[in-house]
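Working notes, beginning with the structure itself.
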Amino acid sequence: MTGSKHQREKILPEQPARQPEKIFLTPAEALAAIGIDFAQYAPQIELFCNLVPLVFGNQALVTSGATRDELWLRIGARGSPKRLDGRQLGERLVARLQEAPLPLERLAAICYQVFRGRTVTGETDGTPGLWVETGMEDFVCQRCGRCCSTLDFKNGGTAADWERFEALGRKDILDWIAPIRHDGRVVACRLWVDPLTGRFADGCPWLVKDAPGRFGCRIHEIRPEICRQYPGSRKHAEMTGCIGFCHRQRKGISQQEATSDPRKVFHG
């Protein structure tokens, strides 16, 4: 008996749904995160325009000008329109949020649009705030090396990174780090500074090519915190060219392969 084609097909069990990854932000942390988001990318004009009524009120209006980056903002029904470019509009939105804190429900609606993740009000340990979904539960590093070779991580080292490398006796790593001191204490670090020239290196000195289109990190298990955290959210991945969410749409590295050998795999 061979059975019908339908009977012969292998029936795959349904994969359990992954729990959404989320972070908790106090209102102050949420406002700080919005400011960082607006500053670290090119002006997100469509987003900024959508946020205008949420931040300034329903009577606020923003219209396009003669050029792509020219905008006119009117606050209130009788307000005079003011000319702004995209970055200035982002700065006005952040300034208004800091001047006039909004109810948590309104702030949640803003964070939903800014961070592109479901946002709900809540609390932790009695502190009110927002739970923001990051989308990171679907992330699988594709080992493309793009984040290590193209992103600006130069000023991202921390005092904790320096202390960790010191405790491990990793002088080879410390030689590539320029510590920033205050009152004799290391408070931050610059990554990666060529010990021979004193200049920033072109890319990460620990990045190695394992195979065509595949890279690894020679210090993966003890890499700096900024590398461990990348991309942090699905939006940041999309905004910086990370392909770690493309594995479902194209043939790429699997979750099992991505975690099988930490010496050859990095997540930022």
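The values are calculated or read from the model by the stated rules, or taken from the named source; none is laboratory data. In this text, all values refer to a predicted model and were calculated from it rather than measured experimentally. Note: ideal-geometry Cβ built from the backbone for every residue, glycine included; neighbour counts use all protein chains shown.
Residue by residue through region 142-162, note down the ones that are more than 21 Å from Leu174 (Cα to Cα) and either among the basic types (Lys, Arg) or in the same structural domain as Arg116 (by TED's automatic domain parsing) (or both). The answer is Arg143, Arg146. Out of region 143-170, which residues are in a loop (DSSP other than H, G, I, E, B) and either of a type in the set (Lys, Arg) or within 17 Å of Met239 (Cβ to Cβ) (or both)? Once the filter is applied, which keeps residues that are in a loop (DSSP other than H, G, I, E, B) and either of a type in the set (Lys, Arg) or within 17 Å of Met239 (Cβ to Cβ) (or both), region 143-170 yields Arg143, Cys144, Leu151, Asp152, Phe153, Lys154, Gly156, Arg170.
The residue list Arg87, Arg96 contains one member that is over 23 Å from the mean Cα position of the chain (by Cα), under 29 Å from Gly232 (Cα atoms) and modelled with pLDDT of 95 or more, which is Arg96.
Tallying residues that are loosely packed, with under 14 Cβ neighbours inside 10 Å and of a type outside the set (Val, Ile, Thr) within region 30-54 yields 5.
Taking Arg146, is it farther than 30 Å from Val208 by Cα, of a type in the set (Lys, Arg) and surrounded by fewer than 18 Cβ atoms within 10 Å (Cβ to Cβ)? For Arg146, the condition - farther than 30 Å from Val208 by Cα, of a type in the set (Lys, Arg) and surrounded by fewer than 18 Cβ atoms within 10 Å (Cβ to Cβ) - is not met.
What's the number of the condition Leu73 fails, among (1) surrounded by 14 or more Cβ atoms within 10 Å (Cβ to Cβ); (2) at pLDDT 95 or above; (3) within 26 Å of the chain's Cα centre (by Cα)? Going through the list (1) surrounded by 14 or more Cβ atoms within 10 Å (Cβ to Cβ); (2) at pLDDT 95 or above; (3) within 26 Å of the chain's Cα centre (by Cα), Leu73 breaks only (3).
Within region 193-210, the set of residues being surrounded by 13 or more Cβ atoms within 10 Å (Cβ to Cβ) and of a type in the set (D, E, K, R) comprises Asp194, Asp210. Just one of the numbered conditions (1) surrounded by 12 or more Cβ atoms within 10 Å (Cβ to Cβ); (2) without any contact (Cβ under 8 Å) to a residue 24 or more places away in the chain is not true of Val62: (2). Scanning region 190-222 for residues that are closer than 24 Å to Asp37 by Cβ and touching an Asp or Glu at 6+ places or on another chain (Cβ under 9 Å) yields a single hit, Leu191. Every test in (1) in contact (Cβ under 8 Å) with a residue 60 or more places away in the chain; (2) more than 19 Å from Glu133 (Cβ to Cβ); (3) basic (Lys, Arg) is passed by Arg18 save one, and that test is (2).
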